[in-house]
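One structure is given below, encoded as structure tokens.
The values are calculated or read from the model by the stated rules, or taken from the named source; none is laboratory data. Every value quoted in this text rests on a predicted model; they were computed, and no experiment measured them. Because the Cβ atoms are built from the backbone with ideal geometry, glycine has one as well, and the counts that use them run over all protein chains shown. Side chains included, ligands, DNA and RNA excluded: accessible areas come from the protein's heavy atoms. Shrake-Rupley method; radii C 1.70, N 1.55, O 1.52, S 1.80 Å.
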Amino acid sequence: MRLKSHIFVSSLLRRAFSLGGYAAVLRKGADDAGAIFIRQRTRLGTETLFAPAPQNFFADEIDLGRKFEVRLHDSEADKVDAALASEIRFDPDCWIVEIELDDCGDLFEVVSQDGASRP
């Protein structure tokens with residue numbers, strides 16, 4: 001069983017604050033298994049949208065962590081808004097978390113298109 005969404009989000013918020021950033025839940029989803037989307041804002045005014053990685057990025061059923069992929073990189077806010085609106089229509093139980101940090105560091109695992117992951 002994978003870590004519940006509300007626990008992952010709570011931990012993510014605390015870790016973002018510990019790095020000197022700001023984080024907030026913009027939309028609360030299903031407590032147990034809601035998909036989590038992370039909206040990262042930088043001081044330059046650009047945003048990156050992280051979405052749940054497809055299941056093929058998980059090595060096996062024992063992998064209980066959450067992995068993300070970059071859906072939009074250094075985009076304008078209206079593009080991120082449109083993408084999130086589409087995701088909400090598709091999955092009304094999703095979470096949206098906003099983080100204001102220039103570098104998310106190792107707050108969550110991001111996979112690349114080739115399947116490699118970075119912290």
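Of all residues in the range 67-94, those being open to solvent by less than 40 Å² (accessible area, probe 1.4 Å), among the hydrophobic types (A, V, I, L, M, F, W, C) and in contact (Cβ under 8 Å) with a residue 40 or more places away in the chain number 4. Within the range 6-30, the set of residues being in contact (Cβ under 8 Å) with a residue 12 or more places away in the chain, outside any loop (DSSP other than H, G, I, E, B) and hydrophobic (A, V, I, L, M, F, W, C) comprises F8, V9, L12, L13, A16, A23, A24, V25, L26.
Restricting the range 95-110 to residues that are in a loop (DSSP other than H, G, I, E, B) and in contact with a Pro (Cβ under 9 Å, 6 or more places away or on another chain), the residue that is surrounded by the most Cβ atoms within 10 Å (Cβ to Cβ) is L107. If a residue has to be closer than 16 Å to E98 by Cβ and either surrounded by fewer than 17 Cβ atoms within 10 Å (Cβ to Cβ) or among the polar types (S, T, N, Q) (or both) to count, how many in the range 28-43 make the cut? So the answer is 4.
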